[in-house]
Amino acid sequence: MMDNQDDGVPNRSDSVQLSRRAKDKLNGTRARNQGARKSEITRARILDAAAEVFMEKGYALARIGDIAKKAGTQPSSIYYYFDSREAVVEEVLSIANNRTDRSVRRAIEALHKTADLRARITAAIHGQVDSVLSGDPYTAAHMRIFDQIPPKMREHFLRILDENAELWRALLFEAQQNGLLRPEIDISVARLLLFGMMNWSIEWYKPGRMTPDDVAEQVALLFLDGTFVRDR
(Lines give C-alpha, C1' and ligand atoms only; values in the text may rest on other atoms or scores of the structure.)
Protein backbone atom coordinates (compact mmCIF):
# COMPACT_ATOMS: atom_id res chain seq x y z
CA MET A 1 0.00 0.00 0.00
CA MET A 2 1.42 3.42 -1.03
CA ASP A 3 1.55 6.29 1.46
CA ASN A 4 0.17 9.78 0.85
CA GLN A 5 3.50 11.11 -0.35
CA ASP A 6 3.68 8.43 -3.03
CA ASP A 7 0.14 9.36 -4.08
CA GLY A 8 1.34 12.93 -4.65
CA VAL A 9 -0.65 14.23 -1.68
CA PRO A 10 1.36 16.33 0.84
CA ASN A 11 1.54 14.74 4.25
CA ARG A 12 1.00 16.64 7.51
CA SER A 13 4.70 17.44 7.89
CA ASP A 14 4.81 18.99 4.42
CA SER A 15 1.70 21.07 5.15
CA VAL A 16 3.20 22.40 8.37
CA GLN A 17 6.41 23.38 6.57
CA LEU A 18 4.46 25.12 3.81
CA SER A 19 2.40 26.97 6.40
CA ARG A 20 5.53 28.09 8.20
CA ARG A 21 7.12 29.29 4.97
CA ALA A 22 4.00 31.26 4.06
CA LYS A 23 3.87 32.79 7.54
CA ASP A 24 7.57 33.67 7.44
CA LYS A 25 7.12 35.26 4.03
CA LEU A 26 4.13 37.26 5.25
CA ASN A 27 6.00 38.38 8.37
CA GLY A 28 8.98 39.36 6.24
CA THR A 29 6.77 41.43 3.94
CA ARG A 30 5.14 43.14 6.90
CA ALA A 31 8.53 43.91 8.44
CA ARG A 32 9.79 45.40 5.17
CA ASN A 33 6.65 47.51 4.79
CA GLN A 34 6.91 48.74 8.36
CA GLY A 35 10.58 49.53 7.82
CA ALA A 36 9.78 51.44 4.64
CA ARG A 37 7.04 53.44 6.38
CA LYS A 38 9.35 54.23 9.28
CA SER A 39 12.02 55.36 6.83
CA GLU A 40 9.54 57.62 5.01
CA ILE A 41 8.39 59.13 8.31
CA THR A 42 11.96 59.81 9.41
CA ARG A 43 12.84 61.39 6.06
CA ALA A 44 9.75 63.60 6.20
CA ARG A 45 10.59 64.64 9.77
CA ILE A 46 14.09 65.64 8.67
CA LEU A 47 12.70 67.72 5.80
CA ASP A 48 10.15 69.41 8.07
CA ALA A 49 12.94 70.29 10.48
CA ALA A 50 15.15 71.53 7.64
CA ALA A 51 12.41 73.82 6.33
CA GLU A 52 12.02 75.38 9.78
CA VAL A 53 15.77 75.81 10.24
CA PHE A 54 16.25 77.43 6.83
CA MET A 55 13.23 79.65 7.49
CA GLU A 56 14.68 80.77 10.82
CA LYS A 57 18.41 80.99 10.05
CA GLY A 58 18.73 81.40 6.31
CA TYR A 59 21.00 79.37 4.07
CA ALA A 60 24.46 80.33 5.31
CA LEU A 61 23.85 79.87 9.03
CA ALA A 62 21.82 76.65 8.86
CA ARG A 63 23.87 73.59 9.75
CA ILE A 64 23.18 69.88 9.52
CA GLY A 65 23.55 69.77 13.30
CA ASP A 66 20.75 72.34 13.66
CA ILE A 67 18.48 70.26 11.45
CA ALA A 68 19.33 67.05 13.31
CA LYS A 69 18.61 68.67 16.67
CA LYS A 70 15.22 69.97 15.56
CA ALA A 71 14.38 66.60 13.98
CA GLY A 72 15.36 64.75 17.16
CA THR A 73 18.01 62.66 15.46
CA GLN A 74 21.77 62.49 14.85
CA PRO A 75 23.61 64.26 12.00
CA SER A 76 24.74 60.87 10.71
CA SER A 77 21.09 59.88 10.27
CA ILE A 78 20.54 62.81 7.92
CA TYR A 79 23.41 61.65 5.72
CA TYR A 80 21.72 58.26 5.50
CA TYR A 81 18.87 59.93 3.60
CA PHE A 82 20.68 62.82 1.90
CA ASP A 83 24.14 63.06 0.36
CA SER A 84 24.76 66.61 1.53
CA ARG A 85 23.25 69.75 3.01
CA GLU A 86 22.68 70.98 -0.55
CA ALA A 87 20.59 67.88 -1.28
CA VAL A 88 18.38 68.76 1.70
CA VAL A 89 18.04 72.33 0.42
CA GLU A 90 17.05 71.12 -3.05
CA GLU A 91 14.34 68.88 -1.62
CA VAL A 92 12.93 71.67 0.56
CA LEU A 93 12.81 74.06 -2.39
CA SER A 94 11.21 71.44 -4.64
CA ILE A 95 8.47 70.78 -2.10
CA ALA A 96 7.83 74.52 -1.75
CA ASN A 97 7.61 75.00 -5.53
CA ASN A 98 5.22 72.08 -5.94
CA ARG A 99 2.94 73.25 -3.14
CA THR A 100 2.65 76.76 -4.52
CA ASP A 101 2.05 75.52 -8.06
CA ARG A 102 -0.67 73.14 -6.82
CA SER A 103 -2.29 75.95 -4.82
CA VAL A 104 -2.56 78.14 -7.92
CA ARG A 105 -3.90 75.37 -10.13
CA ARG A 106 -6.44 74.22 -7.54
CA ALA A 107 -7.74 77.77 -7.18
CA ILE A 108 -8.36 77.99 -10.92
CA GLU A 109 -9.83 74.49 -11.16
CA ALA A 110 -12.30 75.32 -8.38
CA LEU A 111 -13.97 77.90 -10.61
CA HIS A 112 -16.97 77.10 -12.75
CA LYS A 113 -15.98 76.16 -16.30
CA THR A 114 -17.70 79.32 -17.58
CA ALA A 115 -15.56 81.63 -15.41
CA ASP A 116 -14.20 84.58 -17.37
CA LEU A 117 -10.55 85.54 -17.74
CA ARG A 118 -10.56 88.12 -14.96
CA ALA A 119 -11.99 85.53 -12.56
CA ARG A 120 -9.30 83.01 -13.54
CA ILE A 121 -6.46 85.49 -13.06
CA THR A 122 -7.96 86.60 -9.74
CA ALA A 123 -8.20 82.96 -8.63
CA ALA A 124 -4.57 82.37 -9.60
CA ILE A 125 -3.54 85.40 -7.53
CA HIS A 126 -5.48 84.05 -4.56
CA GLY A 127 -3.82 80.66 -4.94
CA GLN A 128 -0.34 82.21 -5.01
CA VAL A 129 -0.90 84.61 -2.10
CA ASP A 130 -2.63 81.94 -0.01
CA SER A 131 0.43 79.73 -0.44
CA VAL A 132 2.90 82.53 0.33
CA LEU A 133 1.03 83.64 3.47
CA SER A 134 -0.05 80.18 4.64
CA GLY A 135 2.64 80.01 7.30
CA ASP A 136 4.02 76.88 5.64
CA PRO A 137 7.72 76.58 6.64
CA TYR A 138 8.65 75.22 3.21
CA THR A 139 7.29 78.26 1.40
CA ALA A 140 8.76 80.63 3.97
CA ALA A 141 12.15 78.90 3.69
CA HIS A 142 12.01 79.20 -0.09
CA MET A 143 11.30 82.92 0.12
CA ARG A 144 14.13 83.48 2.58
CA ILE A 145 16.97 81.45 1.08
CA PHE A 146 16.36 81.47 -2.67
CA ASP A 147 18.68 84.43 -3.29
CA GLN A 148 21.29 82.92 -0.94
CA ILE A 149 21.75 79.48 -2.50
CA PRO A 150 24.72 78.69 -4.79
CA PRO A 151 24.41 80.06 -8.36
CA LYS A 152 24.27 76.63 -10.01
CA MET A 153 21.43 75.50 -7.75
CA ARG A 154 19.65 78.80 -8.25
CA GLU A 155 19.86 78.45 -12.04
CA HIS A 156 18.30 74.99 -11.76
CA PHE A 157 15.34 76.27 -9.76
CA LEU A 158 14.94 79.35 -11.93
CA ARG A 159 14.32 76.98 -14.84
CA ILE A 160 11.68 75.16 -12.78
CA LEU A 161 10.04 78.43 -11.78
CA ASP A 162 10.05 79.50 -15.41
CA GLU A 163 8.23 76.29 -16.35
CA ASN A 164 5.65 76.90 -13.61
CA ALA A 165 5.24 80.47 -14.83
CA GLU A 166 3.94 79.21 -18.18
CA LEU A 167 0.44 79.15 -16.68
CA TRP A 168 0.71 82.86 -15.85
CA ARG A 169 2.14 83.73 -19.26
CA ALA A 170 -0.74 81.91 -20.93
CA LEU A 171 -3.35 83.78 -18.86
CA LEU A 172 -1.81 87.18 -19.58
CA PHE A 173 -1.28 86.40 -23.25
CA GLU A 174 -4.93 85.38 -23.58
CA ALA A 175 -5.98 88.59 -21.84
CA GLN A 176 -3.94 90.68 -24.26
CA GLN A 177 -5.16 88.76 -27.30
CA ASN A 178 -8.76 89.36 -26.20
CA GLY A 179 -8.23 93.08 -25.76
CA LEU A 180 -8.48 93.01 -21.97
CA LEU A 181 -4.82 93.69 -21.28
CA ARG A 182 -3.62 96.95 -22.78
CA PRO A 183 -1.45 96.35 -25.88
CA GLU A 184 1.44 98.48 -24.61
CA ILE A 185 1.86 96.27 -21.53
CA ASP A 186 4.85 93.93 -21.73
CA ILE A 187 3.63 90.53 -20.50
CA SER A 188 6.99 89.47 -19.06
CA VAL A 189 7.39 92.70 -17.10
CA ALA A 190 3.77 92.57 -15.92
CA ARG A 191 4.20 88.99 -14.70
CA LEU A 192 7.41 89.77 -12.80
CA LEU A 193 5.87 92.85 -11.17
CA LEU A 194 2.83 90.80 -10.19
CA PHE A 195 5.03 88.11 -8.65
CA GLY A 196 6.94 90.81 -6.80
CA MET A 197 3.71 92.05 -5.21
CA MET A 198 2.53 88.57 -4.28
CA ASN A 199 5.78 87.09 -3.01
CA TRP A 200 7.02 90.18 -1.18
CA SER A 201 3.86 90.19 0.95
CA ILE A 202 5.49 87.59 3.21
CA GLU A 203 7.94 90.28 4.35
CA TRP A 204 5.35 92.70 5.70
CA TYR A 205 2.18 90.71 6.30
CA LYS A 206 1.06 90.27 9.91
CA PRO A 207 -2.13 88.33 10.70
CA GLY A 208 -4.83 90.46 12.23
CA ARG A 209 -6.27 93.36 10.29
CA MET A 210 -6.24 91.50 6.99
CA THR A 211 -6.47 87.87 5.97
CA PRO A 212 -4.44 86.34 3.12
CA ASP A 213 -7.61 86.50 1.00
CA ASP A 214 -7.87 90.23 1.73
CA VAL A 215 -4.27 90.73 0.61
CA ALA A 216 -4.89 88.68 -2.54
CA GLU A 217 -7.94 90.78 -3.36
CA GLN A 218 -5.90 93.97 -3.00
CA VAL A 219 -3.20 92.57 -5.30
CA ALA A 220 -5.84 91.59 -7.85
CA LEU A 221 -7.41 95.06 -7.77
CA LEU A 222 -4.07 96.84 -8.09
CA PHE A 223 -2.86 94.61 -10.89
CA LEU A 224 -6.02 94.18 -12.92
CA ASP A 225 -7.36 97.70 -12.61
CA GLY A 226 -3.91 99.06 -13.31
CA THR A 227 -3.40 97.05 -16.49
CA PHE A 228 -6.84 96.20 -17.85
CA VAL A 229 -8.69 98.44 -20.29
CA ARG A 230 -11.23 100.56 -18.43
CA ASP A 231 -14.99 100.31 -18.91
CA ARG A 232 -14.88 96.96 -20.67
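The values are calculated or read from the model by the stated rules, or taken from the named source; none is laboratory data. These numbers come from a predicted model, not from an experiment. Virtual Cβ from ideal backbone geometry, glycine too; neighbours counted across all protein chains shown.
Of the helices (runs of 4 or more DSSP H) contained entirely in the stretch 89-171, those carrying at least 2 residues that are over 21 Å from Ser201 (Cα atoms) fall at 117-132, 151-164.
Might you let me know whether the stretch 206-226 holds any residue that is under 21 Å from the mean Cα position of the chain (by Cα), of a type in the set (Val, Ile, Thr) and surrounded by fewer than 18 Cβ atoms within 10 Å (Cβ to Cβ)? No: zero hits. Taking the stretch 172-196 as the range and being assigned to a helix (DSSP H, G or I), surrounded by 11 or more Cβ atoms within 10 Å (Cβ to Cβ) and aliphatic (A, V, I, L, M) as the test, the residues that pass are Leu172, Ala175, Ile187, Ala190, Leu192, Leu193, Leu194.
Regarding Thr29, is this residue surrounded by 15 or more Cβ atoms within 10 Å (Cβ to Cβ), part of a helix (DSSP H, G or I) and modelled with pLDDT under 95?
On the way: surrounded by 15 or more Cβ atoms within 10 Å (Cβ to Cβ): no; part of a helix (DSSP H, G or I): yes; modelled with pLDDT under 95: yes.
For Thr29, the condition - surrounded by 15 or more Cβ atoms within 10 Å (Cβ to Cβ), part of a helix (DSSP H, G or I) and modelled with pLDDT under 95 - is not met.
Scan the stretch 50-64 residue by residue and report those that are buried (at least 22 other Cβ atoms within 10 Å of the Cβ), part of a helix (DSSP H, G or I) and touching a Lys or Arg at 6+ places or on another chain (Cβ under 9 Å). Across the stretch 50-64, the qualifying residues are Ala50, Val53, Phe54. Counting residues in the stretch 195-211 that are under 21 Å from Leu93 (Cα atoms) and in contact with a Phe, Trp or Tyr (Cβ under 6 Å, 6 or more places away or on another chain) gives zero.
Considering (1) hydroxyl-bearing (Ser, Thr, Tyr); (2) more than 17 Å from Tyr59 (Cβ to Cβ); (3) surrounded by fewer than 16 Cβ atoms within 10 Å (Cβ to Cβ), the lone condition that Ser84 does not fulfil carries the number (2).
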